[in-house]
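Enquirer: I am attaching a structure below and will ask some questions about it afterwards.
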There are 4 protein chains.
Amino acid sequence: MPGRAGAGLVVIDVQPGLLKAYPPRRARRVVESAAGALDLLAPLGLPTLILELDPDRLGPTHGRVLGAAPGARVVAKARYDATADPESFQALEDLDRPWLVLLGVETHVCVLQTAVGLLGRGRTVAFLDDAVFSRTPRDQRVGRELLVRAGAVPLTTEVLLFALLGGRDHPAFSQVLPRLKARVSRPDDGEAPIDPGGPYDGEG
Amino acid sequence: MPGRAGAGLVVIDVQPGLLKAYPPRRARRVVESAAGALDLLAPLGLPTLILELDPDRLGPTHGRVLGAAPGARVVAKARYDATADPESFQALEDLDRPWLVLLGVETHVCVLQTAVGLLGRGRTVAFLDDAVFSRTPRDQRVGRELLVRAGAVPLTTEVLLFALLGGRDHPAFSQVLPRLKARVSRPDDGEAPIDPGGPYDGEG
Amino acid sequence: MPGRAGAGLVVIDVQPGLLKAYPPRRARRVVESAAGALDLLAPLGLPTLILELDPDRLGPTHGRVLGAAPGARVVAKARYDATADPESFQALEDLDRPWLVLLGVETHVCVLQTAVGLLGRGRTVAFLDDAVFSRTPRDQRVGRELLVRAGAVPLTTEVLLFALLGGRDHPAFSQVLPRLKARVSRPDDGEAPIDPGGPYDGEG
Amino acid sequence: MPGRAGAGLVVIDVQPGLLKAYPPRRARRVVESAAGALDLLAPLGLPTLILELDPDRLGPTHGRVLGAAPGARVVAKARYDATADPESFQALEDLDRPWLVLLGVETHVCVLQTAVGLLGRGRTVAFLDDAVFSRTPRDQRVGRELLVRAGAVPLTTEVLLFALLGGRDHPAFSQVLPRLKARVSRPDDGEAPIDPGGPYDGEG
């Protein structure tokens, strides 16, 4: 797990051209989960990179997400694997942190291929289980399984937060506490699945 | 994951004599899922082999599947493990691709035994999680687990498709796009399970 | 997987003194699943050992199970781990097959401890996922996970059957076929869980 | 698995300041599960350590849990990872048993970080799957997955109990038996999940 040495965040492809294929409630959940993770982690000041696939065709990153990461760098890419694009690969390198933590869409395409690309170049990679998404449950499940098989470490926003904090003595603790309390008091708590797309029992 | 170097597809035993033991809706889903995977991947021109178990007794491959792979070679076998039959093993060798991707029925019998046979001969094997089936949820689940334990890589049709494409610059991209859009707009999207065979909670 | 070289079956503790703690429908399912597995595999003539824990206190093996394995040897044990009891360990050795396949109750106690004992002595161990049981879903799930972690191979009755058969050319094929057909035509098919003990979502 | 050589129990942070963020029924379940595990294991006389995070702010361990472990030592800590606090680390060392078995809250924070700390120092670590908890299903699931990835062994209270007993010949057997019977006869059996926090299908 990442310790206080730190981690960089990589937000992948939270763009209208991809989300329009999602059921509306699930699309909202993608946006709220990504923005919620960035909000909760904001007091820690992690360097953040926002990647966009073919933004001329698929549009810019959703405003809620851009607003939750005001200091982030935004970089376009033309390949699903961001390490296969020289500019986005350089931007990943510029984060210069021992852990790269991925979030966004789609688990089984750009998140997976970028993780595999980074791992193949010897980087340490994690992903936020509560903030990566595919359109269908099966692609989500198999994409996640392939991420883990490839060597990416599954985290949640809270696992990452508390691993970076370590205890009450962390200087950001007092800023984090009210955000945690707001999260707990929200009705759906950011955890209940929205529109899972019909019955699903995990079998073929 | 398979890259642009390519993969061969192996369709296993989608035959009426086996499907008649399935609940009718699940049998239709087997056929639609296999044909749907072949349809979506068609623009990539992957070499395809269709295997049939004892076709004299179990009948020929379902017409929908044959129609979705017009250039495929069809070969009969008498053993559950296609590598144990000289003619079907030679046909697998003739595909001559670094990855062999299996789909069809049944996950826990012919798909599993053929995967184990290929892996034991040093070949690289994957299977389409959304297009391999057993009659019961338990056999599906344990068959899948044994495939992974043996070394076969779980993919979905979309994971494979986007890994082979890599990005918008692939020459087949423009032919793939309308097929993807048609898939998203279908009501059940090819993903919702049909007739899972009664309540099932994954426990003994 | 076990091939034609063969396997021995080990039935563990299907006794009234243990089953009386189970909900009645689940207890019936334990008996029917164990007897059903023995029935289906009977044409293959696998050597079979039936173990009983403290039969003076917990009673003899259920009659349905004894009836489905007429040639089996029955041996008592006083320890949860059958390899820790000299007489039952010798009986396991006497099976003299490359694979020992366990079924019965309870997954997380005697099945688990016997598997760990056998694996620690260098034997190859599998278990029938559809014929091992614990009283609660959680003990079943964690017991199964510990079996796999220890090195036992999960099978189902059908996975084992078709791995031993290999194809239609096996001499027992014609005797197996009507048993398979009878199994498919049964309403619950021996697969739907009976009385899982209330809602269960696999989480803490 | 731990054998008769024995294990020490470590109860983590069952405190009102943490449980107040839980739905009330789930908070009760945390307390009942931890106290129930300590009750069932009491005849074995395992050394027990109760850890408390910032007790000045989060309050003392729940009375039901303290009452179920009358001889336990209670130690405060200021870090999520108990091995990062000199006093609580020394208390863990003082347990002086080959296996340390963790229970309490939260799976994905203090239980996880303490397990990782102990494993990094070469200790053998297990956790009780039926007595560790996070507030949300996702944090519970990912926290558990990270525990196992780090090398902690999943047990249940019964798996541990029967592994330590080995058979009817254990001197504590007669004291354990009535506790087991009382457990089976309880309506919810300590196993049915209470208030899982809404629909949950394990997908993103």
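Enquirer: Can you list the copy-to-copy distances for D:R149, using a point 7 angstrom from Cα toward Cβ, in nanometres, shortest first?
Expert: Ordered by increasing distance: 1.6, 1.6, 2.3 nm.
Enquirer: Further question: In peptide B:147-155, how many Cβ atoms from other protein chains are near each Cβ within 10 Å, on average?
Expert: Per residue, the number of nearby Cβ atoms from other chains is 2 on average.
Enquirer: Using DSSP H assignments, which helices in chain D have an axial alpha-carbon span of 30 Å or above and a mean Kyte-Doolittle hydropathy of -0.5 or higher?
Expert: Both cut-offs are met by no helix.
Enquirer: Name the residues whose placed amide hydrogens come within less than 5 Å of the amide hydrogen of D:T124, ignoring near sequence neighbours (fewer than 5 apart) on the same chain.
Expert: Correct list: D:L100.
Enquirer: Then there is this: Roughly speaking, what is the centre-to-centre gap between region B:114-137 and region C:130-189 when only Cα atoms are used, to the nearest Å?
Expert: Each part reduced to its Cα centre gives a spacing of 18 Å.
Enquirer: Follow-up. Please work out whether the protein assembly as shown counts as rounded, prolate or oblate from its C-alpha gyration tensor, where a ≥ b ≥ c are the square roots of the eigenvalues and a/c under 1.5 means rounded, while otherwise a/b larger than b/c means prolate and anything else oblate?
Expert: Oblate, since a/c reaches 1.5 and b/c is not below a/b.
Enquirer: What is the spin-label model distance, in nm, from D:R73 to B:R28 if the labels are put 7 Å beyond Cα along the C-beta direction?
Expert: Taking the simple label geometry, D:R73 and B:R28 are separated by 6.7 nm.
Enquirer: What dipole magnitude, in Debye to the nearest 20, does region B:7-184 give about its Cα centre under +1 on Lys/Arg Cβ and -1 on Asp/Glu Cβ?
Expert: My answer is approximately 620 debye.
Enquirer: Let me confirm one metric for peptide A:72-81, namely the mean number of other chain beta-carbon atoms within 10 Å of its residues' beta-carbons.
Expert: 2
Enquirer: Please check: in the Gaussian network model of chain D (C-alpha springs, under 10 Å), which one of D:D81, D:D96, D:D130 has the largest mean-square fluctuation.
Expert: D:D96
Enquirer: Further, regarding this structure: Sequence-distant or interchain residues sharing an amide H contact under 5 Å with D:G167, placed H: which?
Expert: Counting only residues 5 or more places away or on other chains, the set is C:Y80.
Enquirer: Turning to a different aspect of this structure: Can you list the residues, at least 5 places off or on another chain, whose amide H is less than 5 Å from the amide H of D:R135, using H built in the peptide plane?
Expert: Correct list: empty.
Enquirer: By average Cβ neighbour count within 10 Å, what is the ranking of C:99-107, D:133-141, A:143-151 from highest down?
Expert: C:99-107, D:133-141, A:143-151
Enquirer: Next question. Place a +1 charge on the Cβ of each Lys and Arg in the protein assembly as shown and a -1 charge on the Cβ of each Asp and Glu, then give the dipole magnitude about the Cα centre in debye, rounded to the nearest 20.
Expert: Computed charge dipole of the protein assembly as shown: roughly 560 debye.
Enquirer: If you build a Gaussian network model of chain C, linking Cα atoms that sit under 10 Å apart, which residue out of C:T61, C:T114, C:T156 swings the most?
Expert: Taking springs between Cα atoms under 10 Å, the residue moving most is C:T156.
Enquirer: On a C-alpha basis, how far is the centre of region C:55-104 from the centre of region D:82-110 in Å? Whole number, if you could?
Expert: Going from one Cα centre to the other spans 40 Å.
Enquirer: Still on this structure, I have one more. So what are the ³J(HN,Hα) numbers for region A:55-60, from phi and the Karplus equation (6.51, -1.76, 1.60; θ = phi - 60°), rounded to whole Hz, Gly and Pro as x?
Expert: x, 4, 9, 9, x, x
Enquirer: Once a ≥ b ≥ c are taken as the square roots of the eigenvalues of the Cα gyration tensor of region C:4-157, is the result rounded (a/c under 1.5), prolate (a/b larger than b/c) or oblate (a/b not larger than b/c)?
Expert: Taking the square roots of the gyration eigenvalues as a ≥ b ≥ c, region C:4-157 is rounded.
Enquirer: ³J(HN,Hα) across region A:103-109 via Karplus (A = 6.51, B = -1.76, C = 1.60, θ = phi - 60°), whole Hz, x for Gly/Pro?
Expert: So the J values, rounded to whole Hz, are 8, x, 10, 9, 3, 8, 10.
Enquirer: Further, regarding this structure: Specify the residue with the greatest mean-square fluctuation among C:P86, C:P16, C:P43, computed from a Gaussian network of chain C linking alpha-carbon atoms under 10 Å apart.
Expert: Among C:P86, C:P16, C:P43, the largest GNM mean-square fluctuation belongs to C:P86.
Enquirer: Nearest 500 deg cm²/dmol is fine: what mean residue ellipticity at 222 nm does chain A get from its DSSP H runs of n ≥ 4 alone, each adding -39,500 (n - 2.57), divided by its residue count?
Expert: Dividing the helical sum by the residues of chain A leaves -12500 deg cm²/dmol.
Enquirer: At a Cα cut-off below 23 Å, give the lysines reachable from B:K77, other chains included and same-chain residues fewer than 8 away excluded.
Expert: Within reach: B:K20, C:K181.
Enquirer: When Cβ neighbours within 10 Å are restricted to other protein chains, what is their mean count per residue of peptide A:164-177?
Expert: Across A:164-177, the average partner-chain Cβ count within 10 Å equals 2.
Enquirer: Another question, if that's okay. Which distances, in nm and shortest first, link the D:G63 label point to the same label point in every other copy, taking 7 Å along Cα→Cβ?
Expert: Between copies, matching label points for D:G63 lie 5.4, 5.4, 7.7 nm apart.
Enquirer: From the label point of C:E87, set 7 Å from Cα along Cα→Cβ, how far away are the matching label points in the other copies, in nm, ordered shortest to longest?
Expert: Nearest first, the other copies' label points are 5.7, 5.7, 8.0 nm away.
Read-outs: derived from the displayed coordinates by stated rules, not from any lab. All of these numbers come straight from a predicted model, not from anything done at the bench. Quick reminder, even Gly has a Cβ in these numbers, built from the backbone with ideal geometry, and neighbours come from all protein chains shown.
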